[in-house]
Structures are given as structure tokens and as C-alpha cells.
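Worksheet for the structure shown next.
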Amino acid sequence: MSKKYITTPIYYVNDIPHIGHAYTTIIADSLARFYRLKGYETFFLTGTDEHGQKIEQAAAARGKNPKEYADEVSAKFRALWDEFGISYDYFIRTTDENHKLGAQKAFEVMLKKGDIYKGEYEGHYCVSCETFFTDSQLINGEACPDCGRVTTLVKEESYFFKLSAYEDKLLKWYQDVDDCVMPRAKKNEVISFVKQGLRDLSITRTSFDWGIKLPSSLGESKHVLYVWLDALINYISALGYGTDEKNIDFWPASFHLVGKDILRFHSIYWPAFLMSLNLPLPKHVAAHGWWTRNGEKMSKSKGNVVNPREVADAYGLENFRYFLLREVPFGQDGDFSQKALIDRINSDLGNELGNLLNRIIGMSGKYSNFELDSVDVIKYHKKEIDAAEAILEGAQGFMEELQTNKYLEELWKVLTLANQSIALYEPWAKIKEGKQDEALAIVALSANLLAKTAVLLSPIMPNTSDKIAKALGFTIDTDSYKKLIVGKELLPKTTLTPTEPLFPKVEKELMSSPEPVAELKSEGKKEFISVDKFFAAQIKVGTITKAEVVEKSDRLLKLSVDLGEKRARQILSGIKAYYTPEALIGTQVCVVANLKPAKIMGLESEGMILTAEDKDGLSLIRPENLKQPGAAIK
Ligand code: MSP
């Protein structure tokens with residue numbers, strides 16, 4: 001039997017799941033369910049990306065060790081996917097031992113092949129994107145071209161991968177395999193990027209150690225793998241590469257689903273690594289667009305990030321799934337607004353789908369005591385059945401091209417046909433005219449059109465489709481797919497079961513809207529300060545030498561902070577809920593050093609420690625690299 005292998009990106013554990021993560025995961029889940037329905041042996045992989053400087057820093061900011069922190073956040077991703085019924089076959093964590101062995105093996109194979117050499121890396125690094133940049137790529141000589149954050153200058157010993165040697169081979173792949181990178185517009189961007197020339201890629205780091213060590217045979221204990229090499233290998237280590245190879249037959253991937261921001265890693269680095277490993281290339285790397293909220297980019301600081309659990313709780317998980325896949329053509333950016341979601345629920349789902357089921361059940365109850373018989377459908381409605389079969393057959397190609405919005409549009413054409421047939425042939429009039437068999441044929445026609453549609457809707461709305469099938473007296477599985485869709489059969493004689501309305505009308509927005517953005521609130525009366533005013537504050541780097549709790553205070557810690565002066569300062573800081581004293585000792589913070597000393601709970605505080613707070617909690621602001629105590633912050 002043919003196999004399908006579908007993957008999501010593995011998610012960084014520095015963030016809790018948001019709509020972007022849910023989107024990729026739900027598309028991948030729908031695709032995996034689609035192929036299972038069709039009878040393919042399918043392996044669906046998701047997981048978490050847990051190494052690297054970004055995670056190390058996020059853990060430190062919370063006073064946790066990276067593994068403890070990764071355990072916590074990875075469990076949150078997994079719990080959400082379980083709650084959402086995501087049908088993954090394996091949840092990989094890059095801190096898993098199997099993955100580590102797979103990554104080390106890959107390094108060894110590439111080294112043996114002669115694709116890896118040792119050198120020194122000097123250049124800019126964006127920790128947030130975990131990406132290296134050259135001078136010419138930076139904005140204003142310092143900012144990351146992808147996320148706009150300030151980059152750091154890195155100079156360290158490093159192993160390099162000969163990416164430049166794969167330029168021509170990659171271009172040939174893009175040329176030979178039409179839809180290896182999807183959609184086409186994105187593929188063209190990748191091609192022009194590669195045509196500008198590829199530089200060898202630094203694939204190990206030495207300035208921190210939260211990562212996979214190089215194979216011990218190399219005796220290079222200070223190097224850890226570059227987090228993107230580590231992460232990409234997950235797609236094969238999850239199948240047992242480097243260990244038991246248990247599921248390696250699923251390789252190559254049928255679809256790597258990714259967001260447009262990480263396409264470069266998947267369509268350039270990853271195929272080059274695979275060529276070096278002598279492994280076949282993925283069939284499709286498919287990049288989707290980004291979600292905004294009410295037309296605005298989402299960000300933690302704006303407090304407008306869409307929380308998928310909140311949406312599912314308010315509007316129903318399957319309605320949310322439908323919205324995500326129906327609203328945006330794959331590859332394009334999409335906008336989340338409650339209004340658009342409510343429109344979809346009330347109109348597409350409520351009016352066209354839910355009402356159709358109600359009408360069918362209502363009529364069959366009235367005319368035939370819920371008995372359904374397809375016996376006369378072809379006699380009276382061959383035209384409608386043939387039209388629907390043709391639509392449903394064609395629709396499946398859209399799903400295979402990930403054009404989920406078109407796929408759903410096609411399914412809805414069949415629902416429209418069913419609704420129109422009822423209006424056109426008026427079964428109630430036929431009953432009055434004494435044409436019972438004609439009336440029942442119309443009901444059976446609509447029930448068959450709905451049943452067939454429900455089979456193909458099941459990958460996207462599995463529970464809803466099951467409810468429809470239950471009401472119509474059949475079960476959705478590969479067998480019914482083969483009969484109703486491939487074999488174009490009609491429903492066998494059966495009894496219908498009345499059911500609760502599937503899509504109660506949504507009358508008003510059910511989630512509170514995000515707070516207006518801070519900058520927008522003050523718009524029109526912007527207040528500026530002069531640079532002198534800013535420089536009046538002396539902000540310095542300090543090292544915490546002692547930390548203890550302040551008795552009777554829920555908030556305060558008492559810290560001794562070395563600012564390079566004769567004696568350490570005593571500073572009280574309201575961070576007790578976020579940091580344990582032990583986690584702070586020896587770490588650095590930023591201190592406003594020329595504040596007038598103040599007494600708090602009877603204790604003198606000789607400065608203020610800088611922190612940043614949002615709805616996810618509070619973090620200390622720290623220098624990126626260790627600095628001399630007292631170093632000025634400007
Ligand atoms: N860890 C890497 C992926 C490694 S895969 C070998 C990573 N993780 S991530 O958690 O930052 O992002 C995961 C995915 O979420 C990306 O595909 C990204 O495009 C997607 N999204 C993040 N924000 C998004 C939106 N606002 N909208 C849609 N998707 C977005 O990158």
C-alpha cells in the first residue's frame with residue numbers, strides 16, 4: 001500500500017501555542033486524515049524544537065534550566081494537540097535520545113562524505129530567528145532582515161557545511177520537480193535566492209552549550225550542533241534514522257508543511273543536507289502565509305495574539321478548523337476576525353450544511369417515518385447525482401494541492417445542489433399530489449448528496465461529519481469512502497436519527513476583543529522626551545551576588561548587586577513570583593543606578609532593576625553577553 005508522510009514544523013518552546021501553530025497543525029492533520037480516509041498508510045509527525053540560544057535565554061529569563069523549561073512548554077503543545085484531537089502518529093522532541101543519535105549520525109555521514117570542514121565563523125547572528133546573516137543582508141548595518149531585532153556579532157570556531165557545492169543540484173531539483181516547493185510564487189523566490197549564490201553554512205556553535213554535542217569520536221566537546229541542522233534532522237530521526245529505522249520506509253516526506261518565514265531552511269538547507277546524506281528529497285515543501293488579527297500583525301506586546309484554545313472554546317473547535325481552511329487560499333496571508341468567523345458559522349455551516357440535515361430529517365420523519373430508501377434516486381435524479389459525483393471527484397485534487405479553500409468550495413457546491421433540488425422539486429407538493437415515491441426520491445437524493453459530502457468533509461470536520469453520518473445511518477471510514485465516493489454507490493436502505501442542531505446561530509462576538517494597542521491609545525497626543533532626559537538615567541550592568549526572600553512579602557526579593565563599585569548595592573525587586581533566589585545568583589541584570597534610595601518594607605533599596613512584563617509574565621532585562629559590572633547601558 002502506498003505510504004504518506006506528513007509533517008508540521010517542530011515548534012520552538014519559547015512561546016505558547018498560537019493561531020499560527022494551530023493553523024499548520026490543523027492543515028497537516030486534515031491532510032493526514034484525508035489520506036487515511038483514502039486508504040493510504042499515513043505517518044503524521046509533529047513535535048517541539050528545544051535546543052539553541054533562544055531557548056537557553058528564555059529558560060534563564062525564567063530562572064529555569066533549559067530542559068526543565070522545555071519539558072513544561074513541550075507538554076503544553078502536546079496537551080493542546082491532544083485536546084484538539086490532532087491525529088499525530090508521533091510527537092518528537094529534539095531533546096529525545098533517539099533524535100540526538102539521529103542528528104549525530106547525520107553529522108558523521110556528512111563529514112565522511114567530505115561536506116563538512118572546520119573553520120572560523122565571523123558574522124552576525126539573530127538569536128530570535130536562530131539565523132546567520134552577512135553585513136550586506138542587515139538593515140542599517142545591525143538589524144535582522146527577517147524580524148528586525150538587533151543582531152549580535154559572533155566570532156567563533158565552527159564547522160561548516162559545504163552548502164555552496166549544492167547550488168547547481170538544488171537548482172536542478174527546482175527545475176525537474178515542478179511542485180517540489182509550493183506554491184509557485186514562493187518557489188520562484190527560493191530559486192532567485194539560490195541563484196544569487198549560496199555561502200557555506202556554519203553548523204556548529206561554541207559560545208553556549210544548550211544543544212546536541214558532536215559525536216564523541218571527534219573529541220570536540222565545546223561544539224554543539226546549530227539548532228536548524230538539529231531541528232531539520234527531526235524529520236528523519238522520527239522515523240528511526242540513526243537508531244532502529246523502524247519507520248524509515250515512510251521517507252521521503254510527502255508534505256513538509258511550513259510557514260513562509262521558514263521556507264528557506266526547508267527548501268534550501270534541508271534538501272542540500274539530504275543530498276549529502278544520500279537520501280531522497282521530500283515530494284513537497286509547502287509554505288503557508290501568516291495570520292494577522294483584525295488586519296494587524298500579532299505580537300505579545302500588543303496583546304493581540306489569537307489563542308487557539310480560546311477560539312475553540314468560544315466557537316467550537318471544528319467551526320474554527322473549517323474557518324482556518326476555508327478562509328484563506330493556501331500560501332496567502334489570512335486575517336482572523338470574530339466577524340468573519342461568525343459569518344462562516346452562520347452562513348456556510350448553519351444555513352447550508354446544518355439546515356440541510358434538519359430538512360432531510362424533518363421531511364423523512366413526516367413522509368416516511370424516518371425510513372430512507374435510495375431505490376428511486378437514479379430514476380428521477382440521475383442528472384443531479386452525476387453532477388455531484390463529478391464535483392466530488394474533481395475536488396480531491398484540490399486537497400492534494402493543499403488548496404483547502406477550493407476543496408471546501410467544491411464540497412459546498414454539492415450542498416447547494418441538494419438545497420436547490422429540494423426548493424426546485426418541492427417534495428411537499430409531490431406528497432399533496434399523491435406522488436409519494438417522487439417525494440421520497442427527492443429526500444433520498446439530498447441525503448445521498450449530504451452523505452457523500454460528509455465523507456469528504458470528515459478530514460476537516462471529523463466529529464461533525466460523524467454526527468451527520470450517524471444521523472443518516474452510516475459510518476465514515478475508508479470502506480464508505482470506497483463505496484460512496486470511488487464506487488459512486490448510494491446509501492443502503494436505512495433509518496434516519498433526529499439530531500441536535502449542529503450549528504446554533506451565533507448572535508454576537510463571544511470572545512472579548514484584545515486591548516487596544518498601547519501606541520494607538522496615545523495616538524494624537526504623543527509625548528516626546530529629549531535625549532538629555534533619557535541620559536539623565538544612569539543604567540548599568542550589575543551582577544547579582546546575593547539574593548534572598550523578604551519575609552512577609554509576596555513580591556519582593558532582596559538582592560546584592562555588584563555595580564563595579566566599592567560595595568555591592570542592596571536592591572529590592574518585585575520579582576519573587578518569577579524567580580527563585582538561587583536561580584539569580586551570579587546572573588546579570590540592568591540597574592537604574594542613580595535613583596534616589598527608597599525605603600520599602602523598612603529596607604533601603606539603592607536602585608531599580610529593569611524588567612519587561614506582558615500577559616505571559618515577567619522577565620528580567622539582561623545583557624546578551626556577560627559584561628563588566630558597572631558597564632554603562634546606552
Ligand atoms: N522551530 C522552528 C521550526 C523548525 S522545523 C524543522 C520554528 N518554530 S516556530 O515555533 O517559531 O514557528 C513554527 C511555525 O509557526 C512556522 O511555520 C511559522 O511560520 C508559524 N507561524 C508563526 N507565526 C505565525 C502566524 N502569525 N501565522 C501563521 N503562521 C505563523 O520556526
Of the conditions (1) free of Cβ contacts under 8 Å to residues at least 40 places away in the same chain; (2) part of a strand (DSSP E or B), Phe91 fails just one. Which one is it? (1)
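Restricting to segment 573-598, give me the number of residues that are of a type outside the set (Ser, Thr, Tyr), within 40 Å of the chain's Cα centre (by Cα) and open to solvent by less than 80 Å² (accessible area, probe 1.4 Å). Talk me through it step by step, then tell me what you get.
Of segment 573-598, the ones of a type outside the set (Ser, Thr, Tyr) are 574-577, 581-586, 588-598.
Checking which are within 40 Å of the chain's Cα centre (by Cα) leaves us with 574-577, 581-586, 588-592.
Okay, now just the ones that are also open to solvent by less than 80 Å² (accessible area, probe 1.4 Å), so 574-576, 581, 583-584, 586, 588-592.
Final tally of qualifying residues: 12.
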Search result, residues across segment 147-156 that are open to solvent by 80 Å² or more (accessible area, probe 1.4 Å) and modelled with pLDDT under 90: Arg149, Val150, Leu153
Quick check on my filter: what residues within segment 87-123 are closer than 19 Å to Ala238 by Cα, open to solvent by 10 Å² or more (accessible area, probe 1.4 Å) and of a type in the set (A, V, I, L, M)? Leu101, Val109
Check Ala253, Ala286 and return the single one that is outside any loop (DSSP other than H, G, I, E, B) and either modelled with pLDDT of 95 or more or away from the ligand (no atom under 14 Å from the Cβ) (or both). Ala286
Residue in segment 440-479 that is nearest to the chain's Cα centre (by Cα), counting only those that are free of Cβ contacts under 8 Å to residues at least 40 places away in the same chain and closer than 17 Å to Leu357 by Cβ: Ser465
Determine the pairs where a residue that is among the aromatic types (Phe, Trp, Tyr), located within segment 371-399, has a partner that is not in a loop (DSSP other than H, G, I, E, B) with Cβ atoms under 8 Å apart, the partner being 6 or more residues away or on another chain. Tyr380/Glu438; Tyr380/Ala441; Tyr380/Ile442; Tyr380/Leu445; Phe398/Thr404; Phe398/Lys406; Phe398/Tyr407; Phe398/Glu410
Checking Val258 against (1) in contact with a Lys or Arg (Cβ under 7 Å, 6 or more places away or on another chain); (2) closer than 27 Å to Gly85 by Cβ; (3) within 13 Å of the ligand (Cβ to nearest atom), the condition it does not meet: (1)
Within segment 1-36, the count of residues that are surrounded by fewer than 23 Cβ atoms within 10 Å (Cβ to Cβ), away from the ligand (no atom under 14 Å from the Cβ) and aliphatic (A, V, I, L, M) comes to 1
Flag if Gln403 is at negative phi, open to solvent by 20 Å² or more (accessible area, probe 1.4 Å) and in contact (Cβ under 8 Å) with a residue 24 or more places away in the chain: yes
When you scan segment 575-624, how many residues do you find that are assigned to a loop (DSSP other than H, G, I, E, B) and farther than 30 Å from Val305 by Cα? 12
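So that you can scan it fast, the table gives a plain yes or no per residue for (1) under 20 Å from Ile345 (Cα atoms); (2) in a helix (DSSP H, G or I); (3) at pLDDT 95 or above:
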site	(1), (2), (3)
Glu409	yes, yes, yes
Ala429	no, yes, yes
Leu450	yes, yes, yes
Ile460	yes, no, yes
Thr464	yes, yes, yes
Looking at Pro498 and the list (1) under 29 Å from the mean Cα position of the chain (by Cα); (2) open to solvent by 10 Å² or more (accessible area, probe 1.4 Å), which single condition is not satisfied? (1)
Say we look at segment 289-345 and pick out the residues that are within 12 Å of the ligand (Cβ to nearest atom) and part of a helix (DSSP H, G or I); which of these is surrounded by the most Cβ atoms within 10 Å (Cβ to Cβ)? Leu324
Return yes when Arg555 is more than 25 Å from Gln57 (Cβ to Cβ) and free of Cβ contacts under 8 Å to residues at least 24 places away in the same chain and no when it is not. no
Scanning segment 221-270 residue by residue, those among the charged types (D, E, K, R) and either surrounded by 22 or more Cβ atoms within 10 Å (Cβ to Cβ) or in contact with a His (Cβ under 6 Å, 6 or more places away or on another chain) (or both) turn out to be Asp230
Among the residues of segment 37-51 satisfying the criterion of being hydroxyl-bearing (Ser, Thr, Tyr) and more than 14 Å from the ligand (Cβ to nearest atom), which is farthest from Val258 (Cα to Cα)? Tyr40
Can you pull out every residue in segment 420-466 that is buried (at least 24 other Cβ atoms within 10 Å of the Cβ) and among the charged types (D, E, K, R)? Lys452
Among the residues of segment 225-248, the number that are farther than 18 Å from Thr7 by Cβ and within 16 Å of the ligand (Cβ to nearest atom) is 2
Look through segment 45-81, keep the residues that are assigned to a loop (DSSP other than H, G, I, E, B) and buried (at least 23 other Cβ atoms within 10 Å of the Cβ), and return whichever of them is nearest to the chain's Cα centre (by Cα). Glu50
Out of all the residues in segment 289-304, which are over 18 Å from the mean Cα position of the chain (by Cα) and either modelled with pLDDT of 95 or more or more than 12 Å from Ser337 (Cα to Cα) (or both)? Ser301, Lys302, Gly303
Can you tell me which of (1) away from the ligand (no atom under 12 Å from the Cβ); (2) part of a helix (DSSP H, G or I) is the one Leu281 doesn't meet? (2)
Return a yes/no flag: does segment 263-272 have any residue that is under 18 Å from Cys126 (Cβ atoms), among the hydrophobic types (A, V, I, L, M, F, W, C), within 16 Å of the ligand (Cβ to nearest atom) and touching a Lys or Arg at 6+ places or on another chain (Cβ under 7 Å). yes
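The values are calculated or read from the model by the stated rules, or taken from the named source; none is laboratory data. Keep in mind that what you see is a predicted model, and the values were worked out from it rather than measured. Here Cβ is always computed from backbone atoms with ideal geometry, including for glycine, and neighbour counts include all displayed protein chains. Remember, those area values only see protein heavy atoms, side chains included, never the ligands or the DNA or RNA. Shrake-Rupley method; radii C 1.70, N 1.55, O 1.52, S 1.80 Å.
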